[in-house]
Amino acid sequence: MNDYRDFFPIKRLTTLEGIMINETPLRIGVGKEPPLGAPVDVAVYRVGDVPCIPGSSIKGVFRAFVESLATSQGTITHSPWDFTVMDREAKEGKFCIICGIFGSTHIASHVRIYDMLPKDDENRIKAKQTLIKTSVGIDREFRGAKPGALFTEELIVPGIEWNFKMDIINIKTFPQPDDERGKLLRSLFDTLIHFGINIGARRSVGYGLIKLKECKWKNYSLEDGSLNLEEEGVLK
Ligand SMILES: [Zn+2]
């Protein structure tokens, strides 16, 4: 537990830019209601007509992963919906390590994850050619469908390359972390590179496995409002 409200001043900014690839079919939902006039029951989230993976969805999955990792190491954590604990943390000025990275109702997030869009024209075209799958509505992920009734869902095909962009504020993560939060973030990136993490719907059947393909990091220091590049490298 620590007081992680260290945003004034921001001393360190790390930017990450890379390519994420979905190795299995993927659907990031738009909620249980399909868009008006959609030919399927559950549609892929889009910006304009281009499929998109919202940064908030990625952040939620990253948080859950880091939370389970911390728990397995014996750290006491809580769900992002446990408002009682988050109120208490703010009152005592001691935040758990997870809120110290991803924020809570009382502390701003130290990470910012941007919406992911297909990396170029080729991937944009591929991403638009979605799959339509018909299933029987037994899964609780499909609250909109009647049990036993047929429904259709739209999925993004495997192998799309997405632009990944993330900022880390005041947590030293590269080249070597200097606190527990940096270590947890490093484990997250190691997992994303070597094994991948499942995002979106149908994770229990292996859908939405995303892997980080190439990723560059840059450490900036901030002084008198100016950003100075201190060090850079590539994640391996
Ligand atoms: Zn917390």
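The table below lists the values:
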quantity	calculated
Count of residues meeting criterion [assigned to a loop (DSSP other than H, G, I, E, B) and surrounded by fewer than 20 Cβ atoms within 10 Å (Cβ to Cβ)] in region 208-227	2
Residue selected from region 41-60 under the condition part of a helix (DSSP H, G or I) and open to solvent by less than 50 Å² (accessible area, probe 1.4 Å), by the criterion nearest to the ligand (Cβ to nearest atom)	GLY60
Selection status of TYR4, under 19 Å from GLU153 (Cα atoms), surrounded by 13 or more Cβ atoms within 10 Å (Cβ to Cβ) and either within 16 Å of the ligand (Cβ to nearest atom) or free of Cβ contacts under 8 Å to residues at least 40 places away in the same chain (or both)	no
Residue tally, condition open to solvent by less than 30 Å² (accessible area, probe 1.4 Å) and without any contact (Cβ under 8 Å) to a residue 24 or more places away in the chain, over region 159-191	1
Near pairs, Cβ below 8 angstrom, 6+ apart or cross-chain, from region 73-90 (closer than 9 Å to THR105 by Cα) to any residue that is near the ligand (Cβ under 10 Å from one of its atoms) and among the acidic types (Asp, Glu)	none
Residue ID - surrounded by the most Cβ atoms within 10 Å (Cβ to Cβ), chosen from residues in region 98-108 that are in contact (Cβ under 8 Å) with a residue 24 or more places away in the chain and of a type in the set (Gly, Ala, Ser)	GLY100
Selection within region 87-108 - of a type in the set (Val, Ile, Thr) and away from the ligand (no atom under 11 Å from the Cβ)	none
Condition check for GLU33: of a type outside the set (A, V, I, L, M), more than 16 Å from the ligand (Cβ to nearest atom), open to solvent by 50 Å² or more (accessible area, probe 1.4 Å) and at pLDDT 95 or above	no
Residue ID - farthest from CYS99 (Cα to Cα), chosen from residues in region 69-83 that are small (Gly, Ala, Ser) and within 12 Å of the ligand (Cβ to nearest atom)	ALA70
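Condition check ((1) open to solvent by less than 50 Å² (accessible area, probe 1.4 Å); (2) within 14 Å of the ligand (Cβ to nearest atom); (3) touching an Asp or Glu at 6+ places or on another chain (Cβ under 9 Å)) across all residues:
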{"site": "PHE62", "(1), (2), (3)": "yes, no, no"}
{"site": "GLU67", "(1), (2), (3)": "yes, yes, no"}
{"site": "VAL85", "(1), (2), (3)": "yes, yes, no"}
{"site": "HIS110", "(1), (2), (3)": "yes, yes, yes"}
{"site": "PRO118", "(1), (2), (3)": "yes, no, yes"}
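The values are calculated or read from the model by the stated rules, or taken from the named source; none is laboratory data. Worth saying up front: this structure is predicted, and the values here are computed from it rather than measured. Positions of Cβ are generated from backbone atoms using ideal geometry, with glycine treated the same way; all protein chains shown enter the neighbour counts. The protein model used for the area step is the full one, side chains on, heavy atoms only, and it has no ligands, DNA or RNA in it. Shrake-Rupley method; radii C 1.70, N 1.55, O 1.52, S 1.80 Å.
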